[in-house]
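Below is one structure, written out as structure tokens; the observations come after it.
The values are calculated or read from the model by the stated rules, or taken from the named source; none is laboratory data. Only a predicted model underlies this, so the values are computations on that prediction, with no experimental measurement involved. Don't worry about glycine lacking a Cβ; one is built from the backbone with ideal geometry, like all the others, and counts go over all protein chains shown.
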There are 2 protein chains.
Amino acid sequence: MTDMCAPITGSSKVYRDVDGMRVPFRRVELTNGEHLDLYDTSGPYTDPEADIDLSRGLQPRTRVVGDRGTQLQRARAGEVTAEMAFVAAREGIPPEVVRAEVAAGRAVIPANHNHPELEPMIIGKAFSVKVNANIGNSAVTSSMAEEVDKMVWATRWGADTIMDLSTGRDIHLTREWILRNSPVPVGTVPIYQALEKVGGDPTRLTWDVYRDTVVEQCEQGVDYMTVHAGVLLRHIPLTIDRVTGIVSRGGSIMAAWCLAHHTESFLYTHFAELCEILARYDVTFSLGDGLRPGSIADANDEAQFAELRTLGELTKIAKNHGVQVMIEGPGHVPMHKIVENVRLEQELCDDAPFYTLGPLTTDIAPAYDHITSAIGAAMIAQAGTAMLCYVTPKEHLGLPDRKDVKDGVIAYKIAAHAADLAKGHPRAQDRDDALSKARFEFRWHDQFALSLDPDTARDFHDETLPAEPAKSAHFCSMCGPKFCSMRITADLKDSIREAMDAKSAEFAEHGNRVYLPLTS
Amino acid sequence: MTDMCAPITGSSKVYRDVDGMRVPFRRVELTNGEHLDLYDTSGPYTDPEADIDLSRGLQPRTRVVGDRGTQLQRARAGEVTAEMAFVAAREGIPPEVVRAEVAAGRAVIPANHNHPELEPMIIGKAFSVKVNANIGNSAVTSSMAEEVDKMVWATRWGADTIMDLSTGRDIHLTREWILRNSPVPVGTVPIYQALEKVGGDPTRLTWDVYRDTVVEQCEQGVDYMTVHAGVLLRHIPLTIDRVTGIVSRGGSIMAAWCLAHHTESFLYTHFAELCEILARYDVTFSLGDGLRPGSIADANDEAQFAELRTLGELTKIAKNHGVQVMIEGPGHVPMHKIVENVRLEQELCDDAPFYTLGPLTTDIAPAYDHITSAIGAAMIAQAGTAMLCYVTPKEHLGLPDRKDVKDGVIAYKIAAHAADLAKGHPRAQDRDDALSKARFEFRWHDQFALSLDPDTARDFHDETLPAEPAKSAHFCSMCGPKFCSMRITADLKDSIREAMDAKSAEFAEHGNRVYLPLTS
């Protein structure tokens, strides 16, 4: 863990006191004396003063209350909870706006009463776009310790939540280690563990086994759960002529169960009971899109939108039970069909936060699907998606390793930030401006420190110009000293000002039209 | 060169005879007996029968005629040239459509009479979106042989044109090697070489030095030239309050010249003479955006659009001289300001093909700017941009090496293809469908062969499941054998059909409403 427990290069951890709570930020100290405080998902792991002991777990945060209902219920009652105050400070948005968005169901704060180790965060289109990183072992590969390592690693680079999608051995214990050490909300797909309990045969699943699994995970502290309750018996034939059928694991498991028993999904028929359980712990629903398209050919088809309509019904039921809800979305979608997904989700699901996987904008680039999907993710987030589930370069090919996790998170931080800029999020452009200013002034260290991945930015620069003086040199290896446009322009600034001053009288005589016709 | 002169894994070179010309395709033979022919930019280098000798250069193509005017002039005269017939076959679009688009100036076929080694290609929004890769050495790094190697490497992965941006020693000779061995059009920025000739001091540039350099490059066979003739004296003060000033090398050189002499740019005042030179060789103008924004803060500002209006004037002059023209575009632009760039370019520049660098949708990810810009590139191409200039991971940090060139090209092939899908290009989705069908049927070899980078896709798969039987296994390491949604769904297909058949009478009785309410 040593290499990932230091502060991020060029940054230090600072806390702001908010009503007795310590709200974390990552402070970038610039060489010109200024500083910029950034949203920080990395938890105590980047705080050299923190006492980290994985076997003990993180310290619980202060002001956790566990017996007073869900954030949704309390927001409706007019209460600004400690969690709301915390996220308001993180986002730079008034607490009352946070409360109103949660009360309306347009935002969720996933925070199981039994996961006091987390630093509260909010998912909603009025706030900065969030990124989820999936981790988890499978029967084929990877160990428990690796998954905890990936969780710390993913949050270091900016993952706002993580999902533990383990399907192999030791599901319960892996999750326990992740939860006790995770500073971000943890999501799961309970059907995976339920299936393990029945020996991997979907037809042997029962409501009882599933319910017990959900209770077990609620008790442990899982913050949100993917539930594929929208895969109905009548939807399944709609997938028959698809190019890639049903590509969601949960979706295909439930489809197999429904067909084998020729009965409606127990997730659907027992949905109200499920709501009662989740409400007790304030676990958030992530209503899964079990029929999401797995290829460009299948995007926006009847199967997908039929399920979305059912998710809309379920959203209302969940909210009536006071349970927070978000809605999962595709998948593989060509660019011209992306916005329609957001429009329909908002219309059918009462503006519940949308949480999408990509979408991938083409099928032809396995090994680069972090890029095919970052394109779709940026566009769907611009259109109103609140959280993006990352896709790594290993998608369709294997399980992500440490490098893949980082590549996936960075690609998605780019997409999320690009969307924040496009949506005009109040503080988003501050970072771009600070970095570009550093770039123009040849403050290389500042440019690195302000970037999403300071280490790689510096390594790339140092490949051709490793010496320290090059860190303040007024050129780089791209153009060399003679051709640097930024240096030439910087040198020009004085000439321009002189010319402008000298000509100003003349301009005035000509009504500013001779020299500057386009600004007058 | 050996490792990059073999066919791409899983593909072989085929030619279609078109009026006595050999039009190349990359044929992917699938294990189910089908095949797919893909657009092929790689030239003879992927043909094992080709006799490659870099010191001799590639064989000239047949039916080259050099004294009959430009493609634009001939298209206007109603002629379908050999080059138009060639690109029509490559694109799968009728020759008459090609002629009409060229005649209208909505598309260009860059093909200098003195570069007979190239395989003709077309740049225009009615055709598949193209990708350019920049190569070239600088004073700080890289050698001549490396640049030829990068050219072959870039076209192997799909670059449709390359630009030689060399600024160091041996500019002429490096370009000669590239031209004689390049199967794709080659672009340059002549001002770079002109500046070398005057010892690197922009103020010593003259029209005579520049003109002689242009003639020298036209004689050599350069197919298109970036000319920053839109940077006018009156535009320069508009950049004074920018965050990143003038970031185009050519733009900053011309700005320095204009200010030093307090005279209008010689590129602008001698533009008609330049047109006469380019027309003689059928060299295409790429009117450079010397004032493109270099940061989010500077996007779509007065300086940028003032220059674009000037480029519109110049486009008309060039077309009146029968010279083909495309227009270069930004740069750094947040997502919500991208479409405006295309709209204005088409309006002001008479629908000349737009050729954009990215744009980068945020400034905060140096080392990942192939991704920040692939997002913008996909969106701007969807809106009508005809060719995308790639950005590599080294952008802002250093010169790209071989790995960076490939990463940049692949990211941009993704963006271009995503745009082709979104624009409904006739053959684009065939490849997605073929790959997704292979994926669903667990034909792993076909999935690799159809992907943009078969080698990396296979390597990633083999990291966890290297054995050959896994190439036809009905699962992968992501979910393991028990949980594979695709396998479950494939197994389900039969059950669904049975259930549907059994229920069909019943459905009919209920007006198809009980079981399939959403398809009726």
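Go through region A:379-398 and give me each residue that's within 19 Å of B:ASP453 (Cα to Cα), within 11 Å of another protein chain (Cβ to nearest Cβ) and of a type in the set (A, V, I, L, M, F, W, C). First the steps, then the outcome.
First pass over region A:379-398, keeping only residues within 19 Å of B:ASP453 (Cα to Cα): A:391-398.
Of the ones still in play, those that are also within 11 Å of another protein chain (Cβ to nearest Cβ) are A:392-398.
Within region A:379-398, A:LEU397 is the sole residue that qualifies.
Would you mind finding the one in A:VAL222, A:VAL214 that is more than 10 Å from chain B (Cβ to nearest Cβ), β-branched (Val, Ile, Thr) and in a helix (DSSP H, G or I)? Full working, then the answer.
Values: A:VAL222 fails: in a helix (DSSP H, G or I).
Checking each option against the conditions leaves just A:VAL214.
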Would you be able to tell me the number of residues in region B:21-48 that are part of a loop (DSSP other than H, G, I, E, B) and either touching a Ser or Thr at 6+ places or on another chain (Cβ under 6 Å) or free of Cβ contacts under 8 Å to residues at least 12 places away in the same chain (or both)? 3
Within region A:325-346, does at least one residue satisfy the condition of being of a type in the set (Asp, Glu), surrounded by fewer than 24 Cβ atoms within 10 Å (Cβ to Cβ) and over 20 Å from A:ILE296 (Cβ atoms)? no
If we scan region A:255-273, do we find a residue that is under 30 Å from A:ALA75 (Cβ atoms), of a type in the set (A, V, I, L, M) and either in contact with a Gly (Cβ under 7 Å, 6 or more places away or on another chain) or surrounded by 24 or more Cβ atoms within 10 Å (Cβ to Cβ) (or both)? yes
Output for region B:159-176, where each listed residue is surrounded by fewer than 24 Cβ atoms within 10 Å (Cβ to Cβ), of a type outside the set (Ser, Thr, Tyr), in contact with a Phe, Trp or Tyr (Cβ under 9 Å, 6 or more places away or on another chain) and part of a loop (DSSP other than H, G, I, E, B): B:LEU165
Tell me yes or no: at least one residue of region A:68-89 is closer than 17 Å to A:SER182 by Cα and in a loop (DSSP other than H, G, I, E, B). no
Any strands (runs of 3 or more DSSP E) falling wholly within region A:255-369 and containing at least 1 residues that are touching a strand residue (DSSP E or B) at 6+ places or on another chain (Cβ under 8 Å) and closer than 23 Å to A:GLU219 by Cα: A:284-287, A:325-329
Which residues, taken from region A:412-439, are hydrophobic (A, V, I, L, M, F, W, C) and either facing another protein chain (nearest Cβ under 8 Å) or farther than 30 Å from A:ALA386 by Cβ (or both)? A:ILE414, A:ALA415, A:ALA418, A:ALA419, A:LEU421, A:ALA422, A:LEU435, A:ALA438
Hey, can you tell me all the residues within region B:440-458 that are in a loop (DSSP other than H, G, I, E, B) and at the interface with chain A (Cβ under 9 Å from one of its Cβ atoms)? B:LEU450, B:SER451, B:LEU452, B:ASP453
Selected residue (only one of A:ALA126, A:ALA154 is assigned to a loop (DSSP other than H, G, I, E, B) and either touching a helix residue (DSSP H, G or I) at 6+ places or on another chain (Cβ under 7 Å) or closer than 22 Å to A:TYR355 by Cβ (or both)): A:ALA126
Somewhere in region B:403-411, is a residue at the interface with chain A (Cβ under 10 Å from one of its Cβ atoms) and out of contact with any helix residue (DSSP H, G or I) (no Cβ under 7 Å at 6 or more places or on another chain)? yes
Conditions (1) outside the structural domain of B:MET121 (by the TED database); (2) of a type in the set (Lys, Arg); (3) under 17 Å from B:LEU118 (Cα atoms): number failed by B:ARG90: (1)
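This table checks each residue for (1) closer than 24 Å to A:LEU165 by Cα; (2) out of contact with any Asp or Glu (no Cβ under 8 Å at 6 or more places or on another chain).
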residue: A:MET254; (1), (2): yes, yes
residue: A:HIS270; (1), (2): yes, yes
residue: A:ASP282; (1), (2): yes, yes
residue: A:ASP289; (1), (2): yes, no
residue: A:PRO293; (1), (2): yes, no
residue: A:ASN300; (1), (2): no, no
residue: A:ALA306; (1), (2): no, yes
Return a yes/no flag: does region B:350-358 have any residue that is farther than 21 Å from B:ILE8 by Cα, more than 7 Å from chain A (Cβ to nearest Cβ), of a type outside the set (Lys, Arg) and over 20 Å from the mean Cα position of the chain (by Cα). yes
Hits in region B:62-81 (condition: surrounded by 19 or more Cβ atoms within 10 Å (Cβ to Cβ) and either charged (D, E, K, R) or under 20 Å from B:PHE25 (Cβ atoms) (or both)): B:ARG74
